[in-house]
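Below is one structure, written out as structure tokens; comments come after it.
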Amino acid sequence: MLKNYPTLLFILQRSVWYFLTFLVAITINFFLPRFGADPIDLIMSKQKGLNDQQARDKEVSYMKEFGLVDLEKTIVTDNGAMLMTKDGAPITFKQLNDKKLLTVNEQKSFWTATIEITDAAALKSSILPILATKTLDGFEMSDTSVWDGDLFGETVKNALTLEELKSLKGITVSMNNKVYSVKANDLNSAFGGPVSTIEGKSPYVVSKNGDLKLFVNGEGHTPVPEAVTVGSAIASASVDVVIADQVLNTIEKRNDIERFEPIRTPLVKQYFKYLWMVLHGDLGTSFVKYPKKVNEIVAQAIPWTLALQFPTIVIGWIVGNLLGALAAYKRGLFDKVLFPCALLMNSIPFFAVGMILVYLFSETFRFFPSSGGYAIDVIPGFTWAFISSAAYFYVLPFFSIFPVFASGQATGMRTMGIYELGTGYVKYAKTLGIKENKILLYIFRNAMLPQLTGLALMLGVMIGGALITEMIFSYPGLGMALLSAAQNNDYPLIQGAALIVSVTVLIANFTVDILIGFFDPRVKAGRTGA
Amino acid sequence: MALFEVKNLSLHYLTRFGSKVHAVSDVSFELEEGEILGIAGESGCGKTTLVSGLMGLCIPPLYPSQGDVFVEGDPLMNRTPQDIRENILSRKVSMIPQGAFNALNPTRRIKDLAMDVIVSHEGKKAKKKEMYERIFKRFELLGMDTARVLNSYPVQLTAGERQRSVIGISTLLNPKMVIADEPTSALDVTTQKQVIGMIFDLLEKKVFSTMIFITHELPLLRHVADRICVMYAGEIVEMGTSEQLVFDPRHPYTKALMSAMLSAEEGARGKKPEAIEGAPPFLGNEIIGCRFAPRCKYAKEDCKTKKMEIRIVGDRQVRCDYAE
């Protein structure tokens, strides 16, 4: 069916290729920051004045934003203990919510939520069989370690070593996931005093020299001072209840106790997540301007970049090609002056021209401002003050790109024009007595075609160069955003800006690619196979 | 009065450093209405340059040095390009170029190019549709799938179709005379025959009456031309009827050229083609004696120093003092 519409078919084919290129661009964008130094480390090293908890929170939020981790919702008590089931799986609000024990009102951010306890008694009884343990994050035990030290803010002294613990009669030690479980079969004999337990659950206190150490059956260990004493050991309450109470108290005391635990996402999943995000137009969240979205920052910058580059490219292309065609046709003095000038101009990079212009017209003569997109005292908007100010600030950046680009086009067009002038069809048209201006039109049109392709090829270089120009003039466009992002290790913004640039180049190339088919029958013939 | 007259025409190219290369020297001939003149000679002998001169189209770096061309009695040199474009080209003198592919603008359809020719000479008087019908009628004579060819770009046509299209466009305005500059050299023998047949068909149908046919193949000219002139190094070395030149060449160069041809003519069978030793002279230097002398088998002592002039031998012109 499509075979009847070769042009449409061609556009579709091209689109597929360009989309694949786009995917490659996304893939490169995805992998580059993951190959080098860890972006999270880089950005965290720049954070100052944060305490440990804040730093950790920030790090986790960055990792989440960068797609390195998934966050699982868990309930965490005031002192950092986390509710877990006996299997060690975190208990989430959803589970409690499902049991109608409490309701999550609103999620303030991904970080905290307000909850409400609907049925405190039921919650309490529901939590009872659940063991709360402190997470052992960052606290690894080895066989020989003495469990002394600072454990979640509570000082543990004179703890038994594992060996000592194992040597106690009536105690069995098993290990699961780097967490030791201690079970006492006969505490009385182990401690030489009465130890009571409730409902078959076994909280044990193990200590030398009278200091408290508590091991909960199941996973881990939780020091709970005051709860028990050696010798009389847990006479009335189970530690479960104590901890459950503690959790409940916390819940009642503070509403925002939902926490998320970071879990590393596999690379493949990260990739598809990133792809999904980008295809949905979400470029992530900036590190530096957190929690501002990259989309927002880019959307602010793009109009400036477009306003700078689009007219420059269009006017530069037209002026350059007209000058080049004129030089090719007239030759003589005009060509002799224009051609070397254009060659010279074309070989100067944009930023060098920018610096010269700043030095001349901004530093020396003070005609034009050297940096910024508009005066500080005007507010962006559709006001005369703003537009005139923007136009005033526009002059130098424009003239730092325009001549370079135009002269590049002029040299190309001149060469092409001279070539076309010498071709057989021009000579034949002359022998046919076709009017001069018509022949000129032939030449211009045919010489323009390679220029069009050249333009597409040059666009990438152009835009890259123009970004540097923006940096020189502190023009508030994409280049500036990219520069500040690079300086501050703002990886999501770098990725976003780079992706926007590559997408722009792709779109421009695609347009030229399609257009050239309409201008050049040779390409068209190749497409239709005629 | 002859339709077309060339008197002592000399043309030179001006090089970048100011020296001249005399590509055509002292060429004179007359052409009556209805006559076909063949011009033969090896590559670089000035055939194509002569064509530019004959049309009055001296595009720098080509300049006329002396002599003039008269079309129906009017001189061509010293007229403005505008004048020549409006009054001579396509209307009185038209050219069929060699290599039709390069001659057609790749980004223009055949019909558009043809319309450009009409509009350039007659203004935008006629409507596009009328013009198209006129072009269509003319192209019908060329024996092609006219509608398709007219609406095609040059890339979409075969070499033969392109050559025919070029012939159609060149003769669109019924020129008095057509200069065919190796119109068939890029084609295979079958297509060659068809194209030449077509040109003569147009002659018969009085689209044009007079023709100068340029080629490097002398035997072909015998079938085509009434008279043949042979050029060497920018000069006419011999001119006569085609029978005379093909079967009884007098000038040593014509003789050598004929024996270098692989010919299927009666009486020429079994002959091995002979190469002409040496290369044509460089025309940037002034040559006093006979230009062919260094390569001539019959060259005498004074050939290299004596200026050779055109002589009438019998009823033909020969530029050799020793030819009989």
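Quick one: check the C-alpha center-to-center distance for segment B:236-263 versus segment B:72-103, whole angstrom. Going from one Cα centre to the other spans 30 Å. Taken one residue at a time, the phi angles of segment A:273-286 give Karplus couplings (6.51, -1.76, 1.60, θ = phi - 60°) of 5, 4, 4, 4, 4, 5, 5, 8, x, 10, 9, x, 10, 5 Hz. Gly and Pro are set to x. Would you mind counting up the charge near B:D145? Only other residues with Cβ under 12 Å from its Cβ, with Lys and Arg at +1 and Asp and Glu at -1. Around B:D145, the surrounding residues sum to 0. Projected onto the charge dipole of segment B:1-130 (+1 at Lys/Arg Cβ, -1 at Asp/Glu Cβ, origin at the Cα centre), which of B:G34, B:L89, B:V51 gives the Cα projection farthest towards the positive end? Going by the Cα projections, it comes out as B:L89. The packing ranking, built from the mean of other Cβ atoms within 10 Å per residue, places the peptides A:348-354, A:393-399 in the order A:393-399, A:348-354, highest first. Projecting the Cα atoms of B:L141, B:N151, B:V246 onto the charge dipole of segment B:123-278 (Cβ charges, centred on the Cα centre) puts B:N151 farthest toward the positive pole.
For B:Y232, the amide hydrogen comes within under 5 Å of the amide hydrogens of B:V237, counting only partners 5 or more places away or on other chains and with H modelled in the peptide plane. For the listed peptides B:98-105, A:268-275, B:290-297, a ranking on the average number of other beta carbons within 10 Å per residue, highest first, reads B:98-105, B:290-297, A:268-275.
Among the listed pairs A:K48/A:K273; B:K111/B:K193; A:K430/B:K20, give every one whose C-alpha distance is greater than 28 Å.
Long pairs (Cα-Cα over 28 Å): A:K48/A:K273.
Sequence-ordered 3J(HN,Hα) estimates for segment A:322-330 from the Karplus curve with 6.51, -1.76 and 1.60 and θ = phi - 60° stand at 5, 4, x, 5, 5, 5, 5, 7, 7 Hz, glycine and proline given as x.
Taking every residue in A:436-449 and counting other chain Cβ atoms within 10 Å of its Cβ, the average works out to 2. Counting Cβ atoms of other protein chains within 10 Å of each Cβ in B:54-63 and taking the mean gives 1. Under a 5 Å amide H cut-off, with hydrogens placed 1.01 Å from N, B:Q66 pairs with B:S10 among residues at least 5 apart or on other chains. Whole-Hz Karplus values for segment B:179-193 come out as 9, 9, 9, 6, x, 10, 5, 9, 10, 6, 4, 5, 5, 3, 4 Hz, taken residue by residue from phi with 6.51 cos²θ - 1.76 cosθ + 1.60 and θ = phi - 60°; glycine and proline positions read x. Could you state the number of Å between the C-alpha centres of segment B:109-129 and segment B:143-196? Their Cα centres are 18 Å away from one another.
Summary of the geometry: segment B:301-320 and segment A:324-382, compared by the centres of their Cα atoms, lie 68 Å apart.
Among beta bridges identified by DSSP and lying wholly in segment B:107-239, the antiparallel ones come to about 45 percent.
Positive-end ranking of B:A100, B:I110, B:L202 along the dipole of chain B, with charges on Cβ about the Cα centre, is headed by B:I110.
Rounded to the nearest 20, the size of the Cβ-charge dipole of segment A:272-374 about its Cα centre is 40 debye, with Lys and Arg at +1 and Asp and Glu at -1. Taking 22 Å as R0, compute the FRET efficiency from the Cβ-Cβ separation of B:S43 and B:E274 and round it to 0.05. Step by step, r from the Cβ atoms, then E = 0.80. Distances between placed amide hydrogens fall under 5 Å for B:I212 paired with B:L37, B:V178, B:I179, B:A180, all partners being 5 or more residues away or on another chain. Protection proxy ranking of A:24-30, A:315-321, A:490-496, by the mean of other Cβ atoms within 10 Å over each peptide's residues and highest first, is A:490-496, A:315-321, A:24-30.
Here chain B is treated with +1 on each Lys and Arg Cβ and -1 on each Asp and Glu Cβ, and its dipole about the Cα centre works out to around 980 debye.
Inter-chain Cβ neighbour count for A:417-430, averaged per residue, equals 5 (cutoff 10 Å, partner chain atoms only).
For segment B:89-195, a simple Cβ point-charge model (Lys and Arg +1, Asp and Glu -1, everything else neutral) yields a dipole of about 520 debye relative to the Cα centre.
Bear in mind that the values in this text are calculations on the coordinates, not laboratory data. Everything quoted here is computed from the prediction, not taken from an experiment. Cβ coordinates were reconstructed from backbone atoms using ideal geometry, including for glycine residues, and neighbour counts include every protein chain displayed.
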